[in-house]
Amino acid sequence: MGTTPPDAGAAELALELRGITKRFGPVVANDGIDLQLRRGEIHALLGENGAGKSTLMNVVYGMLSADEGEILVGGRRVEITSPRDAMAHGIGMVFQHFMLIPVMTAAENLVLGDEPRRRGLLDRRAARRRVRELSERFGLDVDPDARVEELSVGQQQRLEILRALDRGADILVLDEPTAVLTAQETADLFRVLRELRDRGTSIVFISHKLHEVLEIADRVTVLRRGRSVETLDTAGADEATLARLMVGRDVVLRVEKEPREPEAPILEVSGLHVEDDRGLEAVKGIDLTVRGGEIVAVAGIDGNGQAELIEAITGLRAPSAGTITVAGRDITGADPREARAAGVGHIAQDRHRQGLVLDFSISENLALDRYREGTTATLMSPRRLDEAARRLIDEFDIRGGDCRTPCRSLSGGNQQKVVVAREIAGDPQVLVAAQPTRGLDVGAIEFVHRRLLAEREAGRAILLVSLELEEVRALADRVLVIYEGRIVGEVPPTASDEELGLLMTGGTPSTGAS
Amino acid sequence: MSTVPDPQPGSAPEEKGAGATVAARISDQLAVGGVLLPVVTTLFAFLIGGLVVLATGKNPFSTYQAIFEGSGLNWLLPWVGGADRDIAAINLQQTLLITGPLILLGFAVAFAFRTGLFNIGGQGQYIAGSVVAVWIGSSDMGVPGWLQIVLAMLGAAIAGGVWGGIAGLLRATTGANEVITTIMLNYTALWVSFYLFGLGGPLQNDSQPDIPVSNDVVPEARLPVFWGDPELQGLHIGIFFALVAAVFFWLLLNRSTKGFEARAVGFNPDAARASGIHVGRTYVFVMATCGLLAGLAGSLDILGWQFRIATNDIQAFELGFLGIAVALLGRNTAIGTCLAGLLFGALVSGTSVRNLDPAVFEPALASNLTGIIQGLVVLFVVADVMVIAVWKRLSGRGRRRAGGAGTAGNAEPEPAA
Amino acid sequence: MSAVSGMASVGRVRMTPERLGWGGGIVALLAFVLTLPPIAVRTPVPSILLALVAAGMGVAAIRAEARRPGWTAVVAAVLCGVLAWAATTAELGQLEVVASWGALTAAMLRFATPLIFAGLGGLVSERAGVVNIALEGMLIMGAFFAAFGADKTGSWVLGILIGVLAGAALATIHAIWSVSLRADQIVSGTALNFIAAGIAGYLYVDIYGAEGTPDDLPQVPEISLPTESLGFIGRAIANQNLLVWGGLLAVVVVWLVVFRTPLGLRLRSVGENPRAAETVGVNVIRMRYGAVITSGALAALGGAFLSIGFVHSFSEDMIAGRGFIALAALIFGRWTPGGLLLATLLFGFSSALAQRLPEFSPQAATLFQALPYVLTLIAVAGLVGRSRPPAADGVPYQREAG
């Protein structure tokens, strides 16, 4: 279904996909997708979360096998049943979540699967040499003896690219490569990609970020709900067009937000220092205040201390210094139960891991924090839980089953509704919402946003931590930008992309340095 | 922002926890198999056991029949009469004698499993309970018999609870895997009891210095027998404690706040913790309760029919480990554990030296056969993936979990809220 | 006992908190050794003092965040202090019997060997990401089938081979369950322990009945070295079984293969991040199968040593939990061959001592038998916070994520 401009020229296709279909049970992740990757081009694969981009590329790389369709490399039909096959055909892939062994060195990671030997033993010197040679050849610098866990994210990615190139890849697939990079690292990456392209490597660039696609790609194929919608040149395309193709209708509606006077401060964080699992400081002295009736958003690139900040406030992690008070009550270092009792509600960022016990019913999940209430002689009554649950199911329009249905059977949106319902029903003073719409479809997102605004209207203090700037702009009254564990700036939600981007990557708007 | 769930093989976060806990898999089995699955599993295990018997030149059918008769379950068959019936009655009493403690030991494992813990320490906790039971039971306390019984059982329960609680505490505070710690505690209990009742040990009996055995439980402190002849080891009232424990187990797990916490932690410790449940305290509570049950089992045996501990006996009686098979076969449920306890009780007593006709099958062989069957049962229970897959194909239902990690369930489009 | 800073030094050795802790352990050992022949100080005073010093060093180490060495020193100080005090109250003659170093060291090596083999088996398996609780069962299979095989074929070589095959067979079941069926690895391992004990016991009773294995069971030969005169170590190694040397050799071989060859690199990658390994073309399934089966073969070697190398017979309870002690030694030794070796020598020493204690006091001897298990308990509890198993250890691998 992809429309290729008629003047495809004499260039042979490096990679062609015809009618690729992949099903997971009743779910059709890829539905008859066609794709044409020309030699020496950067071709973007654009789509929302769940559109099927990663699935498609995993099929190409042999991690999954297609149910229907064929793959052609260099014009010839090939069978790819494992990554080894893919590599043999010159396809290399850099995954979104890095496929590296953290405790091993860069050199060891690079040669894994294709190791240089000397008298039966691993030739470490040769491995190191290989890394250095590749670094020079492609201009991607990596220390061969450093353990991967010591490398920065950008360096890890460089290592992954080097590895793919080392195996002779002339088709390189990158899955959301900029998701974890700073602006500088992204610029470096783009430079490298352009160089590779000019040398003849064909590149597939998977992304859901419109501006990046327009910046780096030559052509772009848009996927929507498992189907390829259209392929077009990026020259002359604009964000609005791409967005419309991605979503299928005119761009996402924004929920109406009334201006509201904030009330008294409820959440006060002062001088907060929090260490992460490795004992390094992730939060390096944060002050923030959230008043009743306002939504304060903390925006920033993932991994700058947001997780630890949330954990400290909700009691999952004890801070090493500083204070946290809720309505005047000190909850520094409290455990989750005490934090809740003091009025902290927590919409966790991972509803499967922290938000819900998937094998519990809706009733049980709704009661996960207050199952001790209403017990007579320490015996719980499921009926009482069910009654309470039914009220919440009605109020929050949770669909997919009755109160006894295990949450595992619900769709993502309804699961999130359960979480939101529980947290709000606890009547918290301050609601901490972490990535509240992650992985949700448009309807669910709208619901959550409406609900958060309603709570704001009702006078609750809401701390929103989100990676999506759209969401931040839609909901926040004030935006705090977090970078490397500190709040580096406070801006209104109307601030420009440049300003936000600069702050998020450590620059200062006035000097423009980063 | 779409309705198609995003199956990303590269996504690290979803991989480890979601749905892979023992508790979750067992709940899956419960949903899929119902009663049929344990029955099939058992039959399969017996089948392979029978093959082993066959392979060593004996007749599996007559063997199993001899075991069946040895267990006394034939007493339930209405056409068995006369002298056979009397013998069967005695055998059945033996079976039920063992079933009581076995059920308790099964719960000692089942409760832990529901919380995501694996309690292999039933053996050690049982020993701890036995030691205290025999110590209190053989003392000259000058109190009425029933009180002494109560004290002995209480002491045994506490001893077992402490023994289990240690492992729970270690798990809660240091994260030490309870499998290793409970195994170590098993052996520690074993050697300590050898020491206590061995020659020259502090609890060795007062009358016979050459024999490493404890004092006898005084006659007043022995559990009354209600069926059969006390001289011939009739059935004592201990079995009722087991049945009461079953009710208690069910209530605890399904109706109490502690049980709610245990189940939540068993399915998803992260979510439990985020909602305010103290995971560490839950571990300690659960392990202590399991130890308590196992210790109680020990006291039932001591006060019910053993009346003493000899260092030879301690090792021979490996009920604690059978508890694992009982719990797994019974799918960690109240009724299942009771039924599985009966099955294994029958197996143990049916293969005992007393009850098995050595002409048909050597008892020493038979006890090993029990061990093999027990292992096979656990092995098959735990291969749920294969079993569930087969089951699904047979019943044509593909709705539940289409093959894997816990991504959001149905892909039905969401009506606008 | 001054507070430790990274800059302080003792002599020319830079003192770090870790070194302080380990040093404390050595000082504690010294406290105990003082009271034993040939030094045999008869008053407990110097030993108690040394033990206190050791404890202090341990505490200082703990406060400087070196918890593992620190706690080791404290525990060692307490243990050695008690042992030293006990030694000074004993008769010198008894002590000399107990602490005859040559015999003790020889016994230590012998007791350690089955642990070494089983531990190496566990190492290989866990480095590939599969927990192997069934080491006990594999030891049992090796022990029985080696004895049986040696008996039936009249050759100890074939006996060992058959034992190894039996262990590998059991391990294959574990591999199928853990890798292909993705069953809970600990529960399936436990089940295999039951099955192995049952099969070995069943066949033993059936074939050998009441008399037991024959007295003329073919033995794995001893190797005589002319080192009698080289001090107590020389005496210890003068007459050791072939498989004892085999165990030590195996440590080197396993270290080489796992940490220095491409195969080993891939093995470890499978245990750390199997998905990453898959993306570079490593066959995770095949690797794990190979690792588990190898672990069965190795562990079985340990069992074979026990039956036809050490005790010269088979009996139903002869393994007595050694598989679990080996697992503990593995954890103690941080999943490295070198650490494993040290841990098994420690446990072996404890068993050797326990063997000689009945001279001293039969009751104490019985209690002492519990020591390895208690030590393991402390080790697992105290060290787990620091030790890091392979990242994907125990997590079943799914090729096509749903």
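Each reported figure results from applying straightforward, stated rules to the coordinates on display, with no laboratory input. Since this is a predicted model, take the numbers as computed values, not measurements. Backbone-built Cβ (ideal geometry, glycine too); neighbour counts: all protein chains shown.
For a Förster distance of 30 Å, can you work out the FRET efficiency between the beta-carbons of C:LEU158 and B:VAL39, rounded to the nearest 0.05? Efficiency for this residue pair is about 0.10.
For A:ARG38, the amide hydrogen comes within under 5 Å of the amide hydrogens of A:ALA14, counting only partners 5 or more places away or on other chains and with H modelled in the peptide plane. Using just the C-alpha positions of segment A:95-178 as equal point scatterers, what log10 of I(q)/I(0) does the Debye formula give at each q in 0.11, 0.22 1/Å? Here the Debye-derived log intensity ratios amount to -0.26, -1.06. Go ahead and set up a Gaussian network model of chain C, Cα springs under 10 Å, then flag whichever of C:PRO262, C:PRO44, C:PRO389 fluctuates most. Comparing C:PRO262, C:PRO44, C:PRO389 in the GNM, the peak value goes to C:PRO262.
Simple point charges give the picture: +1 on the Cβ of Lys and Arg, -1 on the Cβ of Asp and Glu, and for the protein assembly as shown a dipole about the Cα centre of about 1100 debye. This model, with +1 at the C-beta of Lys and Arg and -1 at the C-beta of Asp and Glu, gives segment C:9-98 a dipole about its Cα centre of some 420 debye. Of C:THR35, C:THR279, C:THR213, the residue with the greatest mean-square motion in the GNM of chain C, using alpha carbon springs below 10 Å, is C:THR279. Since only A:ILE324, A:ILE33, B:ALA246 are under comparison, the one whose Cα sits farthest along the positive direction of the charge dipole of the protein assembly as shown, derived from C-beta charges on Lys, Arg, Asp and Glu, is A:ILE33.
Counting only other chain Cβ atoms within 10 Å of each residue's Cβ, the peptide B:273-284 averages 5.
Compared with the rule-of-thumb size 2.2 N^0.38 Å for a compact globular protein, segment C:211-304 has a Cα radius of gyration ratio of 1.57. Under 16 Å of direct C-alpha separation, and excluding same-chain neighbours fewer than eight residues apart, C:LYS152 reaches these aspartates and glutamates: C:ASP206, C:ASP215, C:ASP216. Packing order of peptides A:464-477, B:264-277, C:231-244, highest average first: B:264-277, A:464-477, C:231-244 (average count of other Cβ atoms within 10 Å over each peptide's residues).
Once C-alpha pairs closer than 8 Å and six or more residues apart are averaged by separation and normalised to the residue number of segment B:84-187, the relative contact order reads 30 percent. Students often get this wrong: which residues of segment A:170-184 have the backbone nitrogen under 12 Å from the point 7 angstrom along Cα-to-C-beta of A:HIS211? In segment A:170-184, the label zone of A:HIS211 (backbone N under 12 Å from the point 7 Å along Cα→Cβ) covers A:183. GNM, chain C, Cα, under 10 Å: largest mean-square fluctuation among C:ARG110, C:ARG266, C:ARG19? For chain C, modelled as a Gaussian network with Cα springs under 10 Å, the answer is C:ARG19. For the peptides A:228-241, A:183-196, A:55-68, the ranking by mean Cβ contacts within 10 Å, running from highest to lowest, is A:55-68, A:183-196, A:228-241.
Amide H contacts under 5 Å for A:ALA321: A:HIS273, restricted to partners 5 or more places along the chain or on a different chain, H placed in the peptide plane at 1.01 Å from N.
Computed from the Cα positions only, the extents of segment A:355-427 along the three principal axes stand at 36, 24, 20 Å, in decreasing order. A straight line joining the Cα centroids of segment C:301-353 and segment A:289-316 runs 52 Å. With θ taken as phi - 60° and the Karplus curve 6.51 cos²θ - 1.76 cosθ + 1.60 applied, the whole-hertz 3J(HN,Hα) list for segment C:280-290 is 9, x, 6, 7, 4, 4, 5, 4, 5, 4, x Hz, x standing for glycine and proline. Selection among C:VAL164, C:GLN185, C:GLY24 by position relative to the dipole of chain C gives C:GLY24 as farthest towards the positive end (Cβ unit charges, Cα centre). Working from Cα pairs under 8 Å separated by at least six residues, relative contact order for segment A:197-244 is 31 percent.
Helical content of chain C, expressed as a calculated mean residue ellipticity at 222 nm, amounts to -22500 deg cm²/dmol (DSSP H runs of 4 or more residues, -39,500 (n - 2.57) each, divided by residue number, nearest 500). Phi angles of segment B:61-73 translate, via the Karplus equation with coefficients 6.51, -1.76, 1.60 and θ = phi - 60°, into HN-Hα couplings of 5, 5, 4, 5, 5, 4, 5, 4, 5, x, 7, x, 5 Hz per residue; Gly and Pro are given as x. Sorted into 10 angstrom bins from 0, the C-alpha pair distances of segment C:231-286 split as 22, 30, 21, 15, 10, 1 percent. For segment A:100-169, the dipole from Cβ point charges (+1 on Lys and Arg, -1 on Asp and Glu) about the Cα centre works out to 380 debye, to the nearest 20. Counting Cβ atoms of other protein chains within 10 Å of each residue's Cβ and taking the mean over peptide A:398-408 gives 3. Segment B:120-141 and segment A:424-493 have Cα centres separated by 58 Å. With R₀ fixed at 45 Å, the C-beta to C-beta distance from B:ILE48 to A:GLU79 puts the FRET efficiency at about 0.65. Evaluating 6.51 cos²θ - 1.76 cosθ + 1.60 at θ = phi - 60° for every residue in segment A:187-199, the Karplus couplings come out as 4, 4, 4, 5, 4, 4, 4, 5, 4, 4, 4, 5, 7 Hz, glycine and proline recorded as x. Given in Å, the Rg to one decimal and the Dmax to the nearest whole number for the Cα atoms of segment C:9-98 are 13.9, 44. Checked against a 28 Å cut-off, the cross-linked pairs A:LYS209/A:LYS257; A:LYS209/A:LYS284; A:LYS257/A:LYS284; A:LYS284/A:LYS417; A:LYS257/A:LYS417 give Cα-Cα distances beyond that limit for A:LYS209/A:LYS284; A:LYS257/A:LYS284; A:LYS284/A:LYS417. With a Cα-only, solvent-free Debye model of segment A:10-165, what are the log10 I(q)/I(0) values at q = 0.16 Å⁻¹? Log10 I(q)/I(0), no solvent term: -0.98. For peptide C:58-68, the mean count of partner chain Cβ atoms within 10 Å of a residue's Cβ comes to 0. Summarising the amide proton neighbourhood of A:GLY345: residues at separation of 5 or more, or on other chains, whose placed amide H is nearer than 5 Å comprise A:GLN429, A:VAL430, A:LEU431, A:VAL432.
For chain C, just say rounded, prolate or oblate: build the C-alpha gyration tensor, square-root its eigenvalues into a ≥ b ≥ c, call rounded for a/c under 1.5, and beyond that prolate if a/b exceeds b/c, oblate if not. In terms of gyration-tensor shape, oblate. Evaluated on the protein assembly as shown, the Kirkwood hydrodynamic radius is 34.1 Å, with distances taken between all distinct Cα atoms.
Full extension of the segment from C:LEU92 to C:ARG260, taken as 0.36 nm per residue of separation minus the current Cα-Cα distance, would add 55.6 nm.
Each Cα pair under 8 Å and six or more residues apart adds its separation to the average, and for chain A the resulting relative contact order is 14 percent. Length gained on full extension, A:ALA458 to A:ARG117: 115.9 nm, using 0.36 nm per residue less the C-alpha separation.
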